[in-house]
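**Q** Shown below is the structure under consideration.
The values are calculated or read from the model by the stated rules, or taken from the named source; none is laboratory data. All of these numbers come straight from a predicted model, not from anything done at the bench. All Cβ positions, glycine included, derive from the backbone under ideal geometry; neighbour counts span all protein chains shown.
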Amino acid sequence: MDTTRHLTATPRARIALATTTAVILVGAFIAPTASADRETSKPGGGHCARIDKVTVPGAAHQEVACLDDLTTAGTVASGHTIPGNWAGLNAAGTTNPTGVPGIQVDGYFPDTSTTNTNHGWNHDSQFVIRIPDNWNGGLIVSGSPGNRATYANDFIVSDWVLARGYAFAATDKGNTGTGFYHGEEAGGAEREWNSRVTELTIAAKNVVKQVRAKSPKRTYLFGISNGGYLVRWQLENRPELYDGGLDWEGTFFRSEGPNLMTYLPTALKHYPAYAATGDQAAHDALIGAGFAPGSEFLWPFHHAVYWDLTQRIYRESFDPTWDGDLDAGIPYCVSGTPNCDADYDYASRPDEVKAAVASVENTGRIGKPLITVQGTLDTLLPISTSGDPYDALIDSVGHGDLHRYYRIVDGTHTDALYDFFPDQLRPMLPCARTGFDALVAWVETGAEPPADRTVPRPSADLVNSCSL
């Protein structure tokens, strides 16, 4: 989950908002340079060998390039990524590897929606597949967080896994931006997310086999926020395609709750009174809804940027009749205003609304190893309404032996906020990377990760290290 809009906010919120960037913001596409875009096949096992073999199964369009560097250090310059897609997902000072040569494939699958404007294609279901020359036999698949576009995971996931030798594939999930729900049946946009990840996984395995003459030995999922939800859903419903997954603060959907629509209205209804007067009853209502004690310093930013937009657009997706003919309600309306999402009551809504959520809900019945990391100060997807109940759900259905859950003290939903609150927060990215290493060791060597635990704040480098 990562939805952002420009608006008037507190000074600190405005600074952070400028850093995190609007979810629908994409940089201008830079035409690939001639030196970076070589279409000819390379002999033997050399640089970009067998590039001429690449045909993405089922794709409506593809563009194949041989690049000297598949990481963002190279692809920003060559035009094979768009920084606006991944802006704000990492803390300043995050170090990434560079200099990974190989093949990149961009394109899209057939679709009727047009919200993804990357490359001027105006076509959803865009994907990217990268295969490093020094391939280790593995494949990482990821879906974009929030409503971001195709390259959202480039800096936080792709750079790091490519340098370790993995092929990498990512999808925009089939719909992007704040109007992602348009033209869909209730819950249809979220159902498409799941089918698009499955579609890309199958296609990417085929592309890797075309280039390397053998299928990936291991296939893992790695995702943040909505991308973390996709990790959960795939391991619950398509486990045969994967060997395991890393879930970084995944969104939690349950038809009976909790879900986004069971706690965000409380924040919208009561935060204004708390902000204006410090009203204790309003404060208690937010804590009761699931927001962590001690997260109050993050409430102004989340009220200004995340809570309102997230509630309205996801409610519109699952329950479009709530506000009649309005398109995602009334921004920042006051409780008591007709059709105001601050007064939305999920529990009283018709059965078809719950059925729409049920069509994409988490079951906990994971079929392959899963590691979850979530911050205790997550103020968009509170840990008490997401990570904690998902861990309990997995245990309740008897699949706890396949799951490890690490609660990261002082972690929050958006790592860029660490730059503004370094004494109160810690970045989650290094813990996600450490978690992925633990997952691989678990799957490939049988080295079981540490038991579920709350990971205290260390005194070491918080930006680039984490021990579980």
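**Q** Identify all residues within the range 421-444 that are farther than 21 Å from residue 231 by Cβ and surrounded by fewer than 16 Cβ atoms within 10 Å (Cβ to Cβ); write none if there are none.
**A** 422, 423
**Q** Scanning for something of a type in the set (A, V, I, L, M), modelled with pLDDT of 95 or more and within 22 Å of the chain's Cα centre (by Cα), does the range 265-284 turn up at least one residue?
**A** Residues of the range 265-284 that are of a type in the set (A, V, I, L, M), as a first pass: 267-268, 273, 275-276, 281-282.
Filter again for modelled with pLDDT of 95 or more, leaving 267-268, 273, 275-276, 281-282.
Next, from what is left, pick out any that are within 22 Å of the chain's Cα centre (by Cα): none.
Scanning the range 265-284, I find no residue that is of a type in the set (A, V, I, L, M), modelled with pLDDT of 95 or more and within 22 Å of the chain's Cα centre (by Cα), so the answer is no.
**Q** Now for a different question. From the list 247, 279, which residue is of a type in the set (Asp, Glu) and without any contact (Cβ under 8 Å) to a residue 12 or more places away in the chain?
**A** So the residue among 247, 279 that is of a type in the set (Asp, Glu) and without any contact (Cβ under 8 Å) to a residue 12 or more places away in the chain is 279.
**Q** Could you list, ordered by first residue, the pairs with Cβ atoms under 9 Å in which the first is in the range 173-200 and assigned by TED's automatic domain parsing to the domain that holds residue 139 and of a type in the set (Lys, Arg) and the second is at pLDDT below 95 and surrounded by fewer than 22 Cβ atoms within 10 Å (Cβ to Cβ), at least 6 apart or interchain?
**A** Close Cβ pairs satisfying both conditions: 191/184; 191/185.
**Q** Now for a different question. Just one of the numbered conditions (1) closer than 29 Å to residue 162 by Cβ; (2) surrounded by fewer than 21 Cβ atoms within 10 Å (Cβ to Cβ) is not true of residue 411; which one?
**A** In the conditions (1) closer than 29 Å to residue 162 by Cβ; (2) surrounded by fewer than 21 Cβ atoms within 10 Å (Cβ to Cβ), residue 411 misses (2) alone.
**Q** Next question, about the same structure. Can you find a residue that is under 18 Å from the mean Cα position of the chain (by Cα), in a loop (DSSP other than H, G, I, E, B), at negative phi and not basic (Lys, Arg) anywhere in the range 388-406?
**A** No, because not a single residue in the range 388-406 is under 18 Å from the mean Cα position of the chain (by Cα), in a loop (DSSP other than H, G, I, E, B), at negative phi and not basic (Lys, Arg).
**Q** Has the range 170-192 got at least one residue that is closer than 20 Å to residue 96 by Cβ and surrounded by 24 or more Cβ atoms within 10 Å (Cβ to Cβ)? Break it down stepwise before answering.
**A** Step one: filter the range 170-192 for residues closer than 20 Å to residue 96 by Cβ, giving 170.
This time we only want the ones that are surrounded by 24 or more Cβ atoms within 10 Å (Cβ to Cβ), so: 170.
Within the range 170-192, one or more residues are closer than 20 Å to residue 96 by Cβ and surrounded by 24 or more Cβ atoms within 10 Å (Cβ to Cβ).
**Q** Kindly check whether there is at least one residue in the range 409-423 that is of a type in the set (Asp, Glu), assigned by TED's automatic domain parsing to the domain that holds residue 310 and part of a helix (DSSP H, G or I). Talk me through it step by step, then tell me what you get.
**A** So in the range 409-423, the residues of a type in the set (Asp, Glu) come out as 410, 415, 419, 423.
Still in the list and also assigned by TED's automatic domain parsing to the domain that holds residue 310: none.
Within the range 409-423, not a single residue is of a type in the set (Asp, Glu), assigned by TED's automatic domain parsing to the domain that holds residue 310 and part of a helix (DSSP H, G or I).
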